Amino acid sequence: MRTIAVYPGSFDPPTNGHLDIIERSSRVFSRVIVAVAVNLRKNAFFTPAERVRMLKRLTSAMGNVEVTSFRGLLVDFARAKEAHILVRGIRAISDFEYEYQMAHMNRKLDQEIDTVIMMTGERHSAISSNIVKEIARFGGKIDDLVPPLVRDILFKKLKGAQGK
Ligand code: COA
């Protein structure tokens, strides 16, 4: 059976935790569509195009992974892509309530779509994109938290922003 999964998120920026979920999903599902959400409540530091570009470079060796952005409801996007699975990562029990609510809501919106939850790798359970940005903003070391590509782009953009 061909299984198409969507892995949605803000990815602002992508972290080692996200990559861990993408890699593992690509081994479980036939195709994985990494979907960068554009219309978030959060104020993003990176533009959607920048986030898509980073993710494309990070996943270029994974043949069954594609990266794109989406607007509007996640279930509408998934349906348009003929995907029946949503992948989400849970880092700690504190993530559970939010994921539980989203999974139920998405299923209410579309009965054909199921959410598959993956446990984030232990090493990545304390990472969040905001924490990465905060550490980087104050010049801290983020080498264990994000791939080198993201580290370099983040520091470059922060330098540009601070120069303004
Ligand atoms: N490892 C490390 N960190 C992780 C992680 C992992 N495996 N998975 C998530 N995170 C972090 C993210 O970096 C992010 O950190 P931040 O808050 O510091 O930025 C945080 O966990 C949660 O982010 P994310 O997983 O990207 O979810 P989100 O809440 O930003 O995005 C959407 C949620 C985009 C999936 C959701 O808002 C959505 O579907 N929007 C579309 C509109 C819609 O359909 N709404 C109805 C939904 S019921």
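The values are calculated or read from the model by the stated rules, or taken from the named source; none is laboratory data. Since the structure is predicted, the reported quantities are computational estimates derived from the model, not experimental observations. Here the Cβ positions follow ideal geometry from the backbone for every residue, glycine too, while neighbour counts run over all protein chains shown. We work out accessible area using only protein heavy atoms, side chains counted, and drop any ligands, DNA or RNA first. Shrake-Rupley method; radii C 1.70, N 1.55, O 1.52, S 1.80 Å.
Descriptive notes on the structure:
- Pairing each residue of the range 37-58 that is of a type in the set (D, E, K, R) with any residue that is open to solvent by 20 Å² or more (accessible area, probe 1.4 Å), provided the two are 6+ apart or on different chains, yields C-beta distances under 7 Å for Lys42/Ser10; Arg57/Leu149.
- Between Glu99, Glu82, Glu112, the distinction of being out of contact with any Cys (no Cβ under 7 Å at 6 or more places or on another chain) and surrounded by 13 or more Cβ atoms within 10 Å (Cβ to Cβ) belongs to Glu99 only.
- Beta carbons closer than 7 Å, at least 6 apart along the sequence or on distinct chains, pair a first residue in the range 63-87 that is on the phi > 0 side of the Ramachandran plot with a second that is part of a strand (DSSP E or B) and away from the ligand (no atom under 12 Å from the Cβ) for Glu82/Ile4.
- Selection of the range 124-164 for residues being of a type in the set (A, V, I, L, M), at pLDDT below 95 and out of contact with any helix residue (DSSP H, G or I) (no Cβ under 8 Å at 6 or more places or on another chain) yields Ala126, Ala161.
- Take the conditions (1) in contact with a helix residue (DSSP H, G or I) (Cβ under 8 Å, 6 or more places away or on another chain); (2) open to solvent by 60 Å² or more (accessible area, probe 1.4 Å); (3) aliphatic (A, V, I, L, M); Met105 misses just one of them, which is (1).
To keep it simple, each residue is scored yes or no on (1) assigned to a loop (DSSP other than H, G, I, E, B); (2) closer than 20 Å to Arg24 by Cα.
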site	(1), (2)
His104	no, no
Ile117	no, yes
Asn130	no, no
Gly139	yes, no
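- If you go through the range 38-75 and keep only what is within 8 Å of the ligand (Cβ to nearest atom) and open to solvent by less than 80 Å² (accessible area, probe 1.4 Å), you end up with Leu40, Phe70, Gly72, Leu74, Val75.
- Residue list for the range 120-138, filter: open to solvent by 60 Å² or more (accessible area, probe 1.4 Å) and not β-branched (Val, Ile, Thr): Glu122, Arg123, Ala126, Asn130, Glu134, Arg137, Phe138
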